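Undergrad: What follows is a single structure, and I will ask about it in a moment.
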Amino acid sequence: MKNKKILVFVIALILLVTAIISLSDDLFSPYVSFEYAEKHPGKYVQIIGKRAADAEVIHNAEGFTFTMIDEAGSRLTAFHKGVKPQNFEHTEQIVALGKYSADKKIFEADKVLVKCPSKYEKEKK
Amino acid sequence: MNIGNIILGAALMLSLASVFFTIKNISGDIKAFAVGQRLFYFTGILILFAGLLLFSFFMNNDFQFAYVFNNSSKSMPIAYKIAAFCAGNEGSFLTWLIILNICGIVVIRKNDDYTPIILTTIAVTQIFILLILLVKSPFAHIWDYYPNEFKIGEIPGDGTGMNSLLMDPWMIAHPPILFLGYASSTIPFGYAIAALVKGDFDLWIKKTYNWLIFSVLTLGIGIFMGGYWAYKVLGWGGYWGWDPVENSSLIPWIVSVALIHGLMLQTRKGVLKKTNIIMALSYFILVFFSTFLTRSGVLSDFSVHSFGKSSVLYFLLANIIFFLAVSVFLFIKRNKQIESKPFSTEIFTFEGMTVYGIIVLLLFSFVIFAGTTMPIFTGFFNQPSNVTEKFYNNISIPFGLMILSFIILSMFTSRKYLKREIIIAAIFSISAGVLFNIFFTKNPAAILFSILSFFLSSMIFVDLKKSRNGINLASKVAHLGIAIFILGVISSNLHSWSEQKKVSVGETIEVGKSSITLDGFHDHEKSDIQLTITENGKSRIAKMAYYIDSKTESLYREPYIIPGLAGDLYITPQEYSFESINYSSALLHENDEKIISGHKVSFHGFISDNMGSQNMVIKTNLLIDGKKYFPGISVNQAGETEKLDQKITGTDKIVALESLDAKNRTIRLFITPDKNDVIPPDFAILEITHKSLIWVVWLGTIIIAAGFCISMMRMRKQNN
């Protein structure tokens, strides 16, 4: 019966997807606080915060370093290897994906997303 | 009330009336259809008029309307004023509505017994979109939109302009084409509903096939265009980032591609009748679900695209739930009556391979769906979790390989090849696949993908050589496009290299065959960084936009792309450092101390000094190399300013106050540099990427689209 074969095929596919998901790392990025990220170095996470305006964005040949502040007010320095997002300096919120490195005491972000300020409200004093 | 909203309201009433009469027709009243049809035509006039009205507001810079104010400005070129129409939610929904209505008018001209049901489906969809438009109206006055900022009747002089990122030629065509795909998905849905209502599960696929191809083609082109735009404008160097906004169009598109194959099989072999109905229903519902994901703000924390949370959410949800309920109800009612022909029992048959291909496509779409909605569903339980790009990339490897394999296998089942042809193609593909990658990457998946893609391409060429008019020309072309697209993806991702370079003004760096000289920063309204690029002895000037966009208050940078046969050279300005200006001027907060042109300067507040003058005079209290100075500005009653510069004792250098911010107590000072000073040059940090064979990706998408075009033309011919 063909239908049985199809069922077997679908189950095989589902098993394949499950296998891929369980065998590789860094597929999920839970939203966490800075504190959690620092306590779980090496775990792939997603953090959100404001850019600390008083800390400069430092560029070097590798990438750039910046500081974020989360809702609880704690600070975290992050490094991103690669292109700085378009509107980085003027962004309201930064979402960074990556891992905290306990040796370097820095959050190594492999992806940085920025949220633009909601366009109008700010301009009108 | 204003005229725009009145028109939309009237269109809503007429749509409701149209639905009323059409349903009356469906339940037996033959005459009622003509009334419903005519009412629908009237809604078309009103909706088109609403569109023209909004369009004229953009053309006339009518900033009393918040939507025009927020998305346009006087100085914008006309082409972008047109594009601004779709720059926000309100205009997007209106565009969708107009296109949906036009599709409706085209489809209901033919009056057969399917038309009333199609008309009802379209009119109900139209009602939902009209409701959204009335809640979030593009015709809202600015004083209603921003009640705290604007008094009633107050009209701003200029608008805030469109987001610079959207000011790109691709963005003029991208939204309308995408909405063509979205809107036309209603028609296969309508026919599937009609099939369920009437209990005839064969006729509907003939009627809907052309519309489905049209929908798949336009949605596909829309997605491809979004990719070109991302590559050209966003500057991160890619064309696809698995962002929710991108995924949300891809998910229904994959389902629609699966549906095309399903309909083809049903036409030929009479199988998959249930599956096709389900896929047609899902395609439409997924289009709305995608809109819900991207336009309602539920994923706003997880996407680079920011769409504010809004009340649109509930209307979209209501829409989805309504259509889902109707679909499920009708399907369960008819489920037992749908009888497909049994499958052939052999495994290795054309329908077998196609069915497995369809399953792979549907499951692929489902996995992307699961990934995209992960933050919502995990958010119900504990901390919301997103999935990474790696999730999608890893999943895409087996699914992509399987899709290629089933395409190839289905070709073997439908046609006999000579042994010689297969052996030659196999030897060619294996060597080409290995040689294509080996100098850049040893990734086994890349090599396997390449071999299969080369093999598929060569088999298609064998086919095309034998017969150009085969019934499957369209599918061959589209499948060839997929093979080429995959080769482009492999090459542009895995064969590319990139480096970050710090370049000073006047300095020349060698990148591949080109030498790049940084000319410097050019300050004008939309400032840019200028490069001179020399290739084969020929020089040209390249400008990369680099300015702070007043609308989004964000730094706007544009990459510069040097196209080439071997690949693009993709240059992104990371940062420009104004060393020369910083040498002779500086920003000082109160009590700051800085070195300006070699002098130690500290700032100790402001002195207002109006003695003996009608003018307002503000002076600064400075200490330069231990001596006191008081440069300032004077403003007369007419508002003209005059700079009160001071000479530095013992030199002919001056110290000048360039600007001040009294509230934050900061000033910008300038001191003439000495002739003998060594002024450091400006420098830029550039990211330079070689995008290997990126044009092959574009070529692949064009060929895929060409395949769908051929299919549409063929159907046209057949119908005539």
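The values are calculated or read from the model by the stated rules, or taken from the named source; none is laboratory data. These numbers come from a predicted model, not from an experiment. FYI the Cβ positions are ideal-geometry reconstructions off the backbone, even for glycines, and counts take in every protein chain you see.
Undergrad: Quick check on B:ILE98: is it without any contact (Cβ under 8 Å) to a residue 60 or more places away in the chain, touching a Gly at 6+ places or on another chain (Cβ under 6 Å) and under 30 Å from B:ILE23 (Cα atoms)?
TA: Yes; evaluated as a whole, the condition is true for this residue.
Undergrad: I've got another one for you. Scan segment B:472-505 for residues that are under 17 Å from B:GLU687 (Cα atoms), part of a helix (DSSP H, G or I) and among the small types (Gly, Ala, Ser) and report the count.
TA: 1
Undergrad: Additional query: List pairs: first in segment B:143-155 and surrounded by 15 or more Cβ atoms within 10 Å (Cβ to Cβ), second not in a loop (DSSP other than H, G, I, E, B), Cβ under 8 Å, 6+ apart or cross-chain?
TA: B:TYR145/B:ALA66; B:TYR146/B:ALA66; B:PHE150/B:ILE142; B:PHE150/B:TRP143
Undergrad: For segment A:104-119: of the residues being assigned to a loop (DSSP other than H, G, I, E, B) and either under 11 Å from the mean Cα position of the chain (by Cα) or at pLDDT below 80 (or both), which is nearest to B:GLY238 (Cα to Cα)? Working first, answer last.
TA: Narrowing segment A:104-119 to residues assigned to a loop (DSSP other than H, G, I, E, B): A:104-105, A:116-119.
Those left that are additionally either under 11 Å from the mean Cα position of the chain (by Cα) or at pLDDT below 80 (or both): A:116-119.
On the way: A:CYS116: 20, A:PRO117: 24, A:SER118: 26, A:LYS119: 26 Å.
This residue is A:CYS116.
Undergrad: Continuing with this model, one more query. Here is a check on your reading of the model: is B:THR22 touching a Leu at 6+ places or on another chain (Cβ under 8 Å), modelled with pLDDT under 95, more than 30 Å from B:PRO156 (Cβ to Cβ) and β-branched (Val, Ile, Thr)?
TA: Criteria met by B:THR22.
Undergrad: Would you point out which residue out of B:VAL387, B:VAL355, B:VAL360 is closer than 21 Å to A:LEU97 by Cβ and β-branched (Val, Ile, Thr)? Break it down into steps so the answer makes sense when it comes.
TA: On the way: B:VAL355 fails: closer than 21 Å to A:LEU97 by Cβ; B:VAL360 fails: closer than 21 Å to A:LEU97 by Cβ.
Sole residue among the options that is closer than 21 Å to A:LEU97 by Cβ and β-branched (Val, Ile, Thr): B:VAL387.
Undergrad: Okay, next question. It is to be established whether one or more residues within segment A:82-103 are assigned to a helix (DSSP H, G or I), of a type in the set (Asp, Glu) and facing another protein chain (nearest Cβ under 8 Å).
TA: Checked against the condition, which is being assigned to a helix (DSSP H, G or I), of a type in the set (Asp, Glu) and facing another protein chain (nearest Cβ under 8 Å), segment A:82-103 yields at least one hit.
Undergrad: Can you pull out every residue in segment B:628-654 that is in contact (Cβ under 8 Å) with a residue 40 or more places away in the chain and of a type in the set (Val, Ile, Thr)?
TA: B:ILE648
Undergrad: Look at segment B:369-386 and say how many of its residues are within 8 Å of chain A (Cβ to nearest Cβ) and modelled with pLDDT of 85 or more.
TA: Going through segment B:369-386 one residue at a time, the tally reaches 1.
Undergrad: Of everything in segment A:1-53, what is aromatic (Phe, Trp, Tyr) and more than 8 Å from chain B (Cβ to nearest Cβ)? Give them in sequence order.
TA: A:PHE34, A:TYR36
Undergrad: Would you pick out the residues in segment B:519-570 that are of a type in the set (Lys, Arg), at pLDDT below 85 and closer than 25 Å to A:GLY82 by Cβ?
TA: Passing the criteria: only B:ARG557.
Undergrad: Here is a follow-up. Starting from residues that are among the acidic types (Asp, Glu) and surrounded by 12 or more Cβ atoms within 10 Å (Cβ to Cβ), keep the ones in segment B:636-684 and report whichever is nearest to B:GLU575 (Cα to Cα).
TA: Ranking the candidates gives B:ASP682 first.
Undergrad: Here's another thing I want to ask about it. Scan segment B:178-204 residue by residue and report those that are assigned to a helix (DSSP H, G or I) and of a type in the set (Phe, Trp, Tyr). Outline the logic, then answer.
TA: First, pick out the residues of segment B:178-204 that are assigned to a helix (DSSP H, G or I): B:178-184, B:186-198, B:203-204.
Scanning segment B:178-204 gives B:PHE179, B:TYR182, B:PHE189, B:TYR191, B:TRP204.
Undergrad: Okay, next question. Among (1) without any contact (Cβ under 8 Å) to a residue 40 or more places away in the chain; (2) β-branched (Val, Ile, Thr); (3) in a helix (DSSP H, G or I), where does B:VAL697 come up short?
TA: It is condition (1) that B:VAL697 fails.
Undergrad: Now for a separate question. Within segment B:342-392, restricting attention to residues that are assigned to a helix (DSSP H, G or I), in contact (Cβ under 8 Å) with a residue 24 or more places away in the chain and of a type in the set (S, T, N, Q), which residue is surrounded by the most Cβ atoms within 10 Å (Cβ to Cβ)?
TA: Only one residue fits best here, namely B:THR372.
Undergrad: Something else: When A:ASN60 is evaluated against the numbered criteria (1) closer than 10 Å to A:ILE94 by Cβ; (2) of a type outside the set (Ser, Thr, Tyr); (3) out of contact with any Gly (no Cβ under 7 Å at 6 or more places or on another chain), which criterion, by number, is the only one it fails?
TA: It fails just one condition, (1).
Undergrad: Now a separate question. Sort through B:ALA474, B:ALA483 and tell me the only one that's more than 23 Å from B:ASP568 (Cβ to Cβ) and in contact with a helix residue (DSSP H, G or I) (Cβ under 6 Å, 6 or more places away or on another chain).
TA: The match here is B:ALA474.
Undergrad: Next up: If a residue counts only when it is within 14 Å of chain A (Cβ to nearest Cβ) and touching a Ser or Thr at 6+ places or on another chain (Cβ under 9 Å), which strands (runs of 3 or more DSSP E) contained entirely in segment B:511-598 have at least 1 such residues? Walk me through how you get there before you give the answer.
TA: Details: elements: B:514-522, B:528-535, B:538-549, B:554-557, B:560-562, B:567-577, B:585-589, B:593-596.
So the answer is B:538-549, B:554-557, B:560-562, B:567-577, B:585-589.
Undergrad: A further question on this structure: I'd like to verify a number: residues in segment B:169-182 that are surrounded by fewer than 17 Cβ atoms within 10 Å (Cβ to Cβ) and either at pLDDT below 85 or more than 20 Å from B:LEU94 (Cβ to Cβ) (or both), how many? Full working, then the answer.
TA: Narrowing segment B:169-182 to residues surrounded by fewer than 17 Cβ atoms within 10 Å (Cβ to Cβ): B:169, B:173.
Within this subset, residues satisfying the condition of being either at pLDDT below 85 or more than 20 Å from B:LEU94 (Cβ to Cβ) (or both) are B:169.
Of the residues in segment B:169-182, 1 are surrounded by fewer than 17 Cβ atoms within 10 Å (Cβ to Cβ) and either at pLDDT below 85 or more than 20 Å from B:LEU94 (Cβ to Cβ) (or both).
Undergrad: Follow-up question, since we're still on this one. Give the residues of segment B:20-66 that are polar (S, T, N, Q) and touching a residue at least 24 places away in the same chain (Cβ under 8 Å), sorted by residue number.
TA: Listed by number, the residues that qualify are B:THR22, B:ASN25, B:GLN37, B:THR43, B:ASN61, B:GLN64.
Undergrad: Of everything in segment B:313-341, what is of a type in the set (D, E, K, R) and not in a loop (DSSP other than H, G, I, E, B)? Give them in sequence order.
TA: B:LYS333, B:ARG334, B:LYS336, listed by residue number.
Undergrad: May I ask you to verify whether B:ASP62 is at pLDDT below 90, part of a loop (DSSP other than H, G, I, E, B) and either more than 22 Å from the chain's Cα centre (by Cα) or closer than 19 Å to B:ASN2 by Cβ (or both)?
TA: Taking the combined requirement at face value, the residue does not satisfy it.
Undergrad: Has segment B:132-152 got at least one residue that is in a helix (DSSP H, G or I), under 30 Å from B:VAL19 (Cβ atoms) and aromatic (Phe, Trp, Tyr)?
TA: No, there is no match, as no residue in segment B:132-152 is in a helix (DSSP H, G or I), under 30 Å from B:VAL19 (Cβ atoms) and aromatic (Phe, Trp, Tyr).
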